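> Mind having a look at this structure? Questions to follow.
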Amino acid sequence: MPNDPKIVFLDTEFTGEHAATTLVSIGLVTLAGDELCLAFNDYDRAQVTDWLRKNVLNQINEEETVSSPEGYRRMRMFLDDYAGNDRLFVVSAGLAQDLVLFLELFKHGREGAVQFHARHDLPEYLGHHAFIDLNTLFRAAEIAPPADRAAFAGRTEDMPAHHALGDARVVRACFLKLVQTPAGAALMKSLSS
């Protein structure tokens, strides 16, 4: 619909739930249903665990992986094209790592940058106002965040769990169900203004 806000649903897979984690893959799905999935070849291989190998890496075709700078370039083109002249909002499932690793990619847009800088690296359409936590929306809708989000959304995913694109699709499906609640409708109204 023409007045719908521009929303991107995000999921990432990464090497571990700690501060030094590195990005393995990212899935982005727009409110309109456009998709981008990127798998990276420059994650820290010293952090790879048996669980990561079994549940994430065996789903990735190594020949289709890209470096983080190339992934940033592709992601930025996807986001620029979708945002146009509008503000963009990003919804993640609530894990801080998703947003941190997404933002960290933006350092590759500034020559010589070692770390992401919030004031210098984000495009105009993506500011500090832009991030929405799906788990908070569940709570605002008076629904406990479910352990199985795919079941909540009534979605049987064609991709196994821990595939960034499949999980981003599930985040989108949950959001679309939650916006049918009064809290979700209020959020959509505020994003559209």
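> Step by step: first the residues of the range 146-164, then only those that are assigned to a loop (DSSP other than H, G, I, E, B) and aliphatic (A, V, I, L, M), then the one that is modelled with the lowest pLDDT. Which residue is that?
Residues of the range 146-164 assigned to a loop (DSSP other than H, G, I, E, B): 146-148, 154-163.
The next check asks that each one be aliphatic (A, V, I, L, M); those that pass are 147, 159, 161.
Values: 147: 89, 159: 75, 161: 86.
Checking each candidate, the answer is 159.
> Show the residue pairs meeting these rules: Cβ distance below 9 Å; 6+ apart or different chains; first residue within the range 105-122 and closer than 22 Å to residue 13 by Cα; second residue among the β-branched types (Val, Ile, Thr) and not in a loop (DSSP other than H, G, I, E, B).
Between residues of the range 105-122 that are closer than 22 Å to residue 13 by Cα and residues that are among the β-branched types (Val, Ile, Thr) and not in a loop (DSSP other than H, G, I, E, B), the close pairs are 105/26; 116/100.
> Applying the selection to the range 132-145, what residues are assigned to a loop (DSSP other than H, G, I, E, B) and either at pLDDT below 90 or within 20 Å of residue 5 (Cα to Cα) (or both)? It would help to see each step written out before you state the result.
Keep residues of the range 132-145 that are assigned to a loop (DSSP other than H, G, I, E, B), which gives 141-145.
The one that is assigned to a loop (DSSP other than H, G, I, E, B) and either at pLDDT below 90 or within 20 Å of residue 5 (Cα to Cα) (or both): 141.
> While we're looking at this one, here's another question. From 95, 88, 38, grab the single residue that is at pLDDT below 95 and under 17 Å from the mean Cα position of the chain (by Cα).
Values: 88 fails: at pLDDT below 95; 38 fails: at pLDDT below 95.
Criteria check complete, one pass: 95.
> Does residue 4 satisfy the condition of being farther than 22 Å from residue 170 by Cα and acidic (Asp, Glu)?
Values: farther than 22 Å from residue 170 by Cα: no; acidic (Asp, Glu): yes.
It is false that residue 4 is farther than 22 Å from residue 170 by Cα and acidic (Asp, Glu).
> While we're on this one: Looking for whichever is among the aliphatic types (A, V, I, L, M) and closer than 24 Å to residue 147 by Cβ here; the options are 38, 57, 88, 79. Which one fits? Spell out how you get there, then give the answer.
On the way: 38 fails: closer than 24 Å to residue 147 by Cβ; 88 fails: closer than 24 Å to residue 147 by Cβ; 79 fails: closer than 24 Å to residue 147 by Cβ.
None of the others qualify; the one that does is 57.
> Quick one: in the range 134-190, which of the residues that are over 18 Å from residue 32 (Cβ atoms) and basic (Lys, Arg) is surrounded by the most Cβ atoms within 10 Å (Cβ to Cβ)?
Filtering first and then ranking leaves 149.
> Let me ask something else. Every residue in the range 74-92 that is within 14 Å of residue 105 (Cα to Cα), touching a strand residue (DSSP E or B) at 6+ places or on another chain (Cβ under 9 Å) and among the charged types (D, E, K, R), please.
Scanning the range 74-92 gives a single hit, 74.
The values are calculated or read from the model by the stated rules, or taken from the named source; none is laboratory data. On a predicted model such as this, the values are computed, not experimentally measured, just so you know. No Cβ is skipped: glycine too gets one built from the backbone with ideal geometry, and neighbour counts run over all protein chains shown.
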